[in-house]
Every structure is written in structure tokens, then in C-alpha cells.
1. Specify the residue that is farthest from the chain's Cα centre (by Cα); the eligible residues are those in segment 1010-1020 that are hydrophobic (A, V, I, L, M, F, W, C) and within 17 Å of N1068 (Cα to Cα).
2. All but one of (1) under 30 Å from E114 (Cβ atoms); (2) under 22 Å from the mean Cα position of the chain (by Cα); (3) buried (at least 21 other Cβ atoms within 10 Å of the Cβ) hold for T797; which doesn't?
3. Considering segment 1061-1080 alone, what residues qualify as being modelled with pLDDT under 95 and outside any loop (DSSP other than H, G, I, E, B)?
4. Residues being surrounded by 17 or more Cβ atoms within 10 Å (Cβ to Cβ), of a type outside the set (D, E, K, R), at pLDDT 85 or above and touching a Leu at 6+ places or on another chain (Cβ under 7 Å): count how many of those fall in segment 815-835.
5. Just to verify a result, which residue in segment 42-71, among those that are in a helix (DSSP H, G or I) and surrounded by 19 or more Cβ atoms within 10 Å (Cβ to Cβ), is modelled with the lowest pLDDT?
6. Only one of (1) in contact with a strand residue (DSSP E or B) (Cβ under 9 Å, 6 or more places away or on another chain); (2) modelled with pLDDT under 75; (3) hydroxyl-bearing (S, T, Y); (4) surrounded by fewer than 21 Cβ atoms within 10 Å (Cβ to Cβ) is not met by T175, so which one is it?
7. Looking at the structure I just gave you, is N788 more than 25 Å from G740 (Cβ to Cβ), not hydroxyl-bearing (S, T, Y) and not in a strand (DSSP E or B)?
Amino acid sequence: MKLIRLFILILVFLASKRACGQTKVTFNYQQVHFEEIITAIQHQTIYRFVYRADQLPNQLITLSVKDAEVLPLLDNLLKGTRYYYRLTSNNLIAIGTEKDSIKSVAVSGIVTNEEGEPISGASVRIKNSNYGTETDKQGRFVITSIKGATIEVSNIGYNTQQAIITATDQPLKITLQNAYHSLDEVVVTALNIKKENWKVGYSVASIPGADLTTAREANVAMSLEGQVAGLNVSGTYGGPASSSRLLLRGAASMNAGSPLLVLDGVPIDNTQRGSANEYGGADYGDGFSNINPDDIESITVLKGSAASALYGARAANGVILINTKTGEKNSATLVEYNLNLSFDHAVNNTDFQYVYGQGSQNERPQNVQSAIASGMLSWGEKLDGKPTIQSDGNYYPYSAVKNNIDEFYRNAPALTNTISVSGGNSKAAFRASASNLNYESIVPNSGLNRKTFNLNTSYDITDKLKLSFNGSYIYEMAKTRSYLSDGPMNANYGIEFLATSANQLSLKPGYNPVTGNESQWNSNVYITNPYFVINKQVDNSTRNRFITATVLKYNFSDNVYLQGRLGYDISNDGLLNVLPTGTAFTVNEQGGLNGLSKSQTGELNADLLFLANKKLARDLTLNFSAGGNFRRRQYNLTEITGSQFIIPYLYTPSNLVSSSSNYDISEIVTESAYYSADFDFKNLLDITATGRYDIFSTLPPVSRGIFVPGVSGSFLFSNLLAIPWLSSGKFRISYAKTSGEPSQPYTTQLYFTSNNTVNGIPLGSFSAELPNYNLKPFTLTEFETGVNLSFFQNRLTLDATYFNRITHNEITNAQQSVATGFTSAYVNVGKTQNTGLELMLSGGLIRTTSFSWNASINFSQVHNVLLSIDGSSQYLLTGTYRPLNANTALVVGKSITQVMAYDYKRDSAGNIIIGSDGIPERGPLKAMGGTLPTFYGGFTNSFKYKKFNLSFLIDYKFGNKVLSATEDYSYVYGLNKATLVGRETGIVAKGVNDNGQTNTINVPAYNYYPQLATNISTLSVLNGSFIKFRQLILGYEIMPSFLGNLFRTVTVSLVGRNIFTILKYTKNIDPESEFSPDLTYAGIEGESLPATRTFGFNLNFKFK
């Protein structure tokens, strides 16, 4: 902390020194051009210049002055020459050859895109000057200049355009062309600093917010799937706004997680609030799912270490920058309303057998008891349509029932209403919005409501001092979150595995109307009746979240500023999770309290940033920034659990027979200082050096601090070539190091806890993890190189990147001998390597006045290898599914993570060994393949004809395995088509016994297949590759002339998401289905909600 305070004092001193000389200069030049004198004046004073390069004195100047006033200095320099200057408004100095030519004029204009739509926030600057302004919401601007000067107009995502100011009074009309990722566009980099693309020495991807709002997801992170090279997006099938898992360039480490989320320059919390495991549970969403897509202006993805190094340890997995929409100065009030209505429909991905029906041992149910015992068993007789009793005592046709999924799940509506108001005057700008999302789940009586209020404001206190405030309030209430994975309270489990002839209507209402107790329908009380779940379950969560960012910025000149920023993100979460009265597996069917909890997560980020740029020589410019950051993260939890409600349906802690409470608290502090120095030579070569020093509270005092450097370079080689079809070409290269700390605090000392009492005396306990007093930060180093090429006047662009990243001293929880008194300890011995290739090809294939066709395709290939776990172990089991006969694991020499399953046991000749029971014997536990794709990407096309637009997205993933519980259970319950073999005759497995003799034992199918699936879990390891038609949008923009004076534009769009699967290899599941976002459970499928297909429409109204 002392280091940061000293650093801040130095910055303030330098800033104060600069402030005292706003109209005076000090320099000593020998034989320099006049333009260098101008540059020095602009860097040291409040003055800005406008001039034509051919209207400056061309003689070399030798000059030495100290604290000289600028205006008398210019008088002396220009005295006796044919050149003059004029001081105009806003401290602008115009220089020319004739007094009339340097008369200042107010130039107005409008900036539009190729479709004629106004572009707000575009930068309008005088060439060879730092003087400029921005366009308002209508794309208009006014700037003071002189006749003959050149203005440059630029904006993120567009090519820079130039225009010469003439004597005419007519407003300028400037059209910006889509950059298609060209080198002329402006991109947002670390610390929210905008930078010309050609100067960036690493890979950056940007997505306009408009691409995320028309066809939307409740968790906006899911909308990124297939759109960014190197970004692997997956999510939990757990209902509206479930958690996402985002991995940039594969699993960077054994504990890899989602990239750091930065909202308007401030890091925010993106932790997961609870997820399922092999024994069940619900998904409660993550931080990303709280963001309202209607408020997003753009998303920028910083992929590599060089791009994200200035954010420190939290950015080891990359950074996602979200910039929200703002108002514009000098703009009229703009009111915008957006309505989005869509419907989710459950997709049945099963391909079960419908030859044999409900029953056991080749017999159909004969009474209620046998119907209950075989509720999930399809080992009965051939289907013949005869009336057969089911668990409710009624008779139903003994016929195939293929529509249970369609009938049980509903078409779930999702309605979003968002209204925003923005505007501004000469000193202030604002944007305020309010949004309401009501998203029903496909599971009846389940859904999500989210209300979001957003305010972005800025105010110029003086010409140099600017204050801005961004604030968001999110209130979210989720009703009856769906349980996943295991059978208890999981409606999806029962519906999916109903016997082939059983009708889901026989399960209604799920409980006895007299006693309220759950209606039994199968032999396992831990597989809950689906209708009991939707009618009785209570699993409600709430969230109140405030996200604020306050920025105070002082511009000493156009080239120097000091900025202070304070960001605070605080969430208050509530949860009521009840096993309702009547639940069959609870004690005396009295139910229980799984959890009544209140938790608070607070994240404070305070930083100070100093930025300056200076022309060191005629062809060399330095952009320098330095700053410090203080981060404090606090968490506390109060929770009550218990069993047996005394009074039925009164779900309060005081109504429990027994209860227990828990209180948890943690705090993390990180102090940091950083710098970045960017050297630009002739707008041809750019080299950037960065450095960051972090002090982590989670590590021992002797090893808390670490310095991580980085360097990147870009070379605009196309400026040296004269190739007509090559618009621009850049070679880039970077090397950087980032650091990391333990994923959990309090691992370096022994802490005692007290959870229980005996006779009123508290009992103490301590963790089974051995403290490590020598723990130190782990590091990740990355080398990246690539090219950016643009052809045919930026019609076609190519972005190609190669990366090689490796971790050192990864912090691993390694097993310890119980003789130590502990079972594990955190150690610095893990090591992981990632190499890969990213390609993105995009372009405007057709451009006419009435028709355009834009397309892009991205491809990513990642090779991941775990080099070390804890120095001795060859594998470490991580996750599993409910059948408990296979795992995911970290395996040395393999990618993260691997599916570990039991294969067939074989003799030396390769024959399968059959046991004395006639069932193939289990072989060794083996790595069967990685759970993360090695090849993935997306293909987008957008067409526009006059006021119509059509776009679609196809994405794909290849090279990953899925561990499927559905596949296992489909063998156990007689649902898999493979179980049709031997139904009438029994199974004689091909193989030999332990003596080498051919097996001759005949086993009934209803015994053979369940035991086979239990022994040989490789049957449940599937190819997870797929190609999906992800998104389709058809829109039309209604012209204002049809709408009178009320609207500027009205846009209506028909939308579809997750429309259909083009290719997959999993016969009975969606290949993306998962029940947990945790990396340890990646690739594990188990009775989540079905995949959904979404159709709807979007209406957007812009009022006049």
C-alpha cells in the first residue's frame, strides 16, 4: 500500500507541475522543423493548432526558452515571414500564409454509415491536430477550423474518412464504411483506452451491442457463441439465465475459469452462485447473466496475456470489456423503446426404442404395485395396444408414448420491455434506461423476473475537469429453480426415463390430495414424482445488485490527463430452498430445509491513471500511462438448514424439529501499480512495453508481491509496399507474463472454526488442508504472433494468430499422507501448456446502393497439455456423474480435462474376458479423450436489401467427448435401441472366460444390459462434436414518412435461436447439455432440462 501511495503522490506532483504552465513553454531545440515546435506547445499548454502541412515555415529552427508565453513566442517566430497565426475560440490557433485564409469558420456536418443511418459518438478531429469533437445522436457535429484544413472522422468498427474544408457554407456529408476488422478502425484496449487497430500488437475482437439484442439470451454471455475466434462458450441447461462457462484459448490452467468481466472500465463480480453436482442441485446463475443486453454498446474481447496484462491476476483467463450506451453532448432528447417476445420449446433429442413397453423380466405390469415397481423400466412385453394398468390405478393403452416431453414441458414465453431516454447539452450528457424481463421456464411454475435500471451521466465541471457516473441496479427473482443431475426433486429425470408405454398424465397431480404426500410411481423414493416437483417445490432466489463507476478526469491539455476512478459492485442474495412437506425421501415425509440463506458479495476497485503522449522527435511519438489500483473483495454468508417441519407447509426455521446454522466470511485485498509505454515510429512501427506489480493478501507476506512485464509490437508493412489489391497489412508479435493467486483465501495459515456445541460449550475444528507458508504466485507466460491483412479496399480481411502459453508454479491442492494430520495441501508445482491457431476471415462480398452481403468465418484450434499436477501424481479425479462408474480427471500428458472410464477387460490376444455371470468384466480406468473441443468456430452471414435485413449464424465444435448419464441409464432402464438385441433369446456375450474358453453363458437381456453399463462405462463416453444452426434474424425497417411525426424509425424483426442441429453424434442427448459450469464437470451430461428451440420477434421504436 505504501508503494501505491508513493506512486500516486508522484503522479499528482507531476500533474500539478503541468497545470502551472498551461500557457508557457520550456524547451531547447537544435535545428528542428516548425511542426515540432507546434507539437511541443500542444503538449505543454492549453493551446491547440490547426494548419495545413504545406502552409508552415520550412526553415529549420534553433530555439531555447524557459517559461515563455506562447503568443509572444509565436509573434517572434513568424515575424518577417509570410506566415500568420490567429487565436480563435477554445484556445485554437490557426496558422496559414495569408490573413484571410486563416479566418476561423464553424464547420458543420453529418456522419452516416453506408445505409445512411447516423453514427453517434464518431470522433471528428482536425488533421495534424489534437483538436476535435464528437457527433451527437443524430450524427451531427460542429467544429471550428480554417479553410483548406482537413478533418478526419473515425469510429469503432469503421474506416477513417477525411474531408477538406472549403469556403462553402453547406454542411459536410461524410459516409463511413464498415471496417470489417480493418486496420483503420479504433478498438478499445485495457483500462478502456481507445487505440488505432494498426498499433495493437495482440489479438482483439469487438462485437457491436446490436448483434446481441435482437435475438437474445437471458444470459447475454451465451450470445457470444460462435462469434469470436478463440472463445469457447458453453452453458448449463438449467432454465432461464443459467450460468455460462467462457474459456479463451482453451483451459489456461488446472483452475481455469471465465475471463475477467470489466463494465465501463471497472472489474465486476462474475462468480457462480451455486450449481449442481453428481448428487443434484440447481444452477443459480452467474454475474454475467445480470447484464441487460439493451444497455450494451459494444463488447471487446482481450484474448492474450499481452492484451490483458494490465489487469493482473484476475485476467489470467483473458478479459471481456463491456461498454454501455451513453448520451451525447449537444443532442436532442432521444426516446427509444424495445420489445422482445419469444417462446422456448423443449426439443426431444432422445431416440429410444419403442418396441417393448413398461415392465420387468419381459412382463408388463399386472397391478398397481408392479406398475410402481416398473415405472422407469422398459423391460416388458412387446407393445400391443391392450389396456394396461399404470401407477395411478388407471388403464392406458400398452402403446408407444413418444410425446411425454412435449406434453409435460410448456411453450415458455420470454418478454422484455426496455425504454431509454438520452440527450445532452454543451456541458452534460445522460442516458437512463429501465428494463423488465419476465422469462418463464419450460418447466411449469418456474421462471425468472429481472428488473434493470441504468444511468450513465457525464458533466464538464470546467473545460478541463469532467465528472462521469455510471450506475446499474438489478433486481432479480427466480421462482422454483430446476434441480439437475440426480433424481431428488428433479422433474426432468422422471420425465426423460418414463417407461416407453407410460403416459406422463398418470403421474398427476403428483401427490395425494388428502394427505399431501408424494404419489409413488417408481421403486426409488429418491426419484421424485415430476408433478410433485412442479406443484410443491420451493426453491426461490433473489438478488439485489448495485454496480457503480464514478470517474473524475482532469485534462491538463489534449495530450495529458489524470483520471481517478471508483467502482463498487455489491450483491445481496437470498435463497429459500425447501424439501416440501410430503417429500417421499424425507424423514416421516415431513420435508426439510435445504437452505435459508442471506449472502453479500462486495467488490471495491479504486484506481488512478495518468496518461500523456509526447512527440519525442519528428517521427517518434510516445504514449505513456501509469497508475495504481486497490481492490477489496468481501463476502459473508448466513445460512440455516434443518429437517422435519412440525406444522405442514410452514417453511420457517422455528418450525423445524432440528436445525443448524452456518456463518462464513472472507476477504481478499490486492494492491497494484502498473505502466504502459507505447512508442510509435512514423505510423509504421509501434512497440508497447507494460509492467504490473501486484501484492496479494492471499499469499504469505514474504512472497505476496510479483512483477509481471509484457511487450508487444506491430509493423504496418503495407505502408512500404505498393500492391494495389492490398489495402493494409500488419505483422504483430507479443510476449507477456501474468500472475495468479490461490482460488481460495486462508490457505497459508491454520484457522479454527466453530460450528457445533456440547452442553453449550463451542467445539473447535480446523481444516484438513495443510497450510503452506511458502506458497507464491503462479505465473502464465504467453508468446503470440499474427498478421492482419485487408484486401480490395477493405472488402476482405484476414486475422490470423498463433499463440503459445505455459503456466509455472500452478497452485494445486495435492494429497498428503494422513500421518501428517492433514489430507491435502496447496503446493506450487502445477504446469500447463496451450498452443493454438485462430483465424478470422470476413468481408463485404457485395455492396451496392440497395443490396449488401457481409460474411465472416472464424476458426480456432487449441492443443492443451497438462505437464504436471503436483510433481508425482499422474492423474487427479475431478468430477463425475450419478452412475458413479466414470469420472473426469486431470491427466498428465493429456488435455484438461479428460474423461476417465472403464473399458472391457481383454486378454493378451485382445479377446474380451467374460465373467462367470456371463457379463463382460471391467478393465482398467483409462483416459478416453478431452471434454473441451480442439476445433471450434462460427460462420455468419448478413444480407441487406433496401429496408430488409437477413442474417444467420452457424457454429461448430469438434474434438471433445461427453460423459453421458442418459446413455448409461438408457441401458439400465431398457430404453436404448441397443437393448433390443436378445430381448427374446437372451445374450451370449462374445468373448472368453478366464481360462481362455469361448463364453457360452446365456443371460436375459434385462439382466445383461444393466450390468454391462455398470461394468463398462466407456459405453457412456460419446463424441460431443456438432454443427448447429444457431441463429436467424429477418428484419424490416419502416420509414418515418409512414409514421407521421411520432417516430424516427420502427424496426420489426423475426428471430430464432438454437433452431436445429445440422450434425451430431450423440443419439439420445443434445451434445451441449451439461449440469454444471465448473471446469471440473465440463463435458458431463446428466438429466438437465431439455435443449430449447426459440422463436419470437423484436420491435424497436425510436421516437422523434
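1. Within segment 1010-1020, the match that is farthest from the chain's Cα centre (by Cα) is A1013.
2. (2)
3. If the condition is that a residue be modelled with pLDDT under 95 and outside any loop (DSSP other than H, G, I, E, B), then L1079, T1080 are the ones that fit.
4. 1
5. Looking at the filtered set, the residue picked out is H43.
6. Result: T175 fails condition (2) only.
7. No, not satisfied.
Yes or no, residue by residue, for (1) assigned to a strand (DSSP E or B); (2) surrounded by fewer than 16 Cβ atoms within 10 Å (Cβ to Cβ); (3) aliphatic (A, V, I, L, M); (4) over 30 Å from the mean Cα position of the chain (by Cα):
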site	(1), (2), (3), (4)
L953	yes, no, yes, no
K957	yes, no, no, no
V962	yes, no, yes, no
T979	no, no, no, yes
G982	no, no, no, yes
G996	no, yes, no, yes
T1000	no, yes, no, yes
Y1008	no, no, no, yes
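The values are calculated or read from the model by the stated rules, or taken from the named source; none is laboratory data. This is a predicted model, so every value here is computed, not measured. No Cβ is skipped: glycine too gets one built from the backbone with ideal geometry, and neighbour counts run over all protein chains shown.
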